[in-house]
Each structure stands twice: as C-alpha cells, then as structure tokens.
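The structure under discussion appears below in the form of structure tokens.
The values are calculated or read from the model by the stated rules, or taken from the named source; none is laboratory data. Just so you know, these numbers come straight off a predicted model, no measurement behind them. Cβ sites come from the backbone with ideal geometry, for glycine too, and all protein chains shown count toward neighbours.
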Amino acid sequence: MIRNSMITIGVYGFDGEAFLDRLAQAGISLVIDVRQRRGVRGPDYAWANAQRLQASLAAARIAYLHLRELAPTTELRHLQYAEDDRQGVGRRNRRTLAAEYVRRYTAEILDPVGTKPIMITLPARGTAALLCVERDPEACHRSLIAGRLIKEHGVAIDHLRPD
C-alpha cells in the first residue's frame, strides 16, 4: 500500500526523549534516515548517533532505514558550509539552502536516485518520517526530497519541529 502522507524531522532542538515523544504523537512507524554520516557532534545530540538512535527506536517499536543514497556527498555539504560561512550563519542556525547546493543536490543525487527507494518502503500502518539533522526543513536537503514526493506522488508532508 502506498501511503499518501509523511513527515520530516530534524535532530537539532530536540533531546532524545522529546524526539521519541514527537514521533509517537505523529504515529510514526518508520524512520528513514537520509544522513550521510549518522553521527551528530556534541553531547546534547549523542542520542541521535546511529547505534543509540536505532536502539531507542527499536525500544519504541519504530522501524529504521538508512537511505544513504539520498544523502548529500561530503563535497556538497562543504559547498553549503562555505555559503554558511560567507553569510556568517552557524550551521545549526541556517534557515535556507544555497541555490548552488539545491541545484547540485537535485542534479547529482535526487534526479538519479529518485523517490522510489522511499515509496517502496513506506509502511502499511503508521506514518514514515524523513530524518536529518537540521531543525528547519528549509535548511535541509530533506525539504528537497519532500518536495519531490509531493510533486511526483501527491504525498502530503508535515514538518515536525521542536516546541
């Protein structure tokens, strides 16, 4: 069964307990991780590192899938970091993506990979969540994936943010 709605969520701004609570409130049964490196720097976000996150999700009866093929490459991440530096914006405070990053991510990752890896894994029960690190979806490649899901499949997208 193809689902017609999904959510996106980032790590920043949550602690581990609040993150799991938001997933439960949204009826999430599958987290689709679209990060290249599944670690987050700093002790406040150690809960979001792959092994800890997967253990917490399993305990909460939420399935986990890593779709690395939809993650930006190191080169693309550094392109965005350079734009952040140029604008004097900290990575955790970014509000938008650089135009060149959007163009290249779309051409180099999203166009070739497409949305099929997501659509074929959507759960029959519950809702799936696209996961990355940025608090705001507009500052993250997950918004580009979400936009493609809306355009190609009519999927309704809701973006969960910390309170």
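Only residues that are surrounded by 13 or more Cβ atoms within 10 Å (Cβ to Cβ) and out of contact with any Leu (no Cβ under 8 Å at 6 or more places or on another chain): list them for the range 69-81, please.
Listed by number, the residues that qualify are A71, P72, T73, L76, R77, L79, Y81.
Residues being surrounded by fewer than 19 Cβ atoms within 10 Å (Cβ to Cβ), outside any helix (DSSP H, G or I), in contact (Cβ under 8 Å) with a residue 24 or more places away in the chain and among the hydrophobic types (A, V, I, L, M, F, W, C): count how many of those fall in the range 107-159.
3
Return the total of residues in the range 1-11 being hydrophobic (A, V, I, L, M, F, W, C) and either in contact with an Asp or Glu (Cβ under 7 Å, 6 or more places away or on another chain) or free of Cβ contacts under 8 Å to residues at least 40 places away in the same chain (or both).
1
Just for the range 1-51: of the residues that are out of contact with any helix residue (DSSP H, G or I) (no Cβ under 8 Å at 6 or more places or on another chain) and β-branched (V, I, T), which one is surrounded by the fewest Cβ atoms within 10 Å (Cβ to Cβ)?
I7
Inspect the range 75-86 for any residue being touching a helix residue (DSSP H, G or I) at 6+ places or on another chain (Cβ under 9 Å), hydroxyl-bearing (S, T, Y) and modelled with pLDDT of 95 or more and give the result as yes or no.
No, the range 75-86 contains no residue that is touching a helix residue (DSSP H, G or I) at 6+ places or on another chain (Cβ under 9 Å), hydroxyl-bearing (S, T, Y) and modelled with pLDDT of 95 or more.
State whether the residues of the range 118-135 include one that is farther than 13 Å from P72 by Cα, at pLDDT below 95 and of a type in the set (G, A, S).
Looking through the range 118-135, at least one residue is farther than 13 Å from P72 by Cα, at pLDDT below 95 and of a type in the set (G, A, S).
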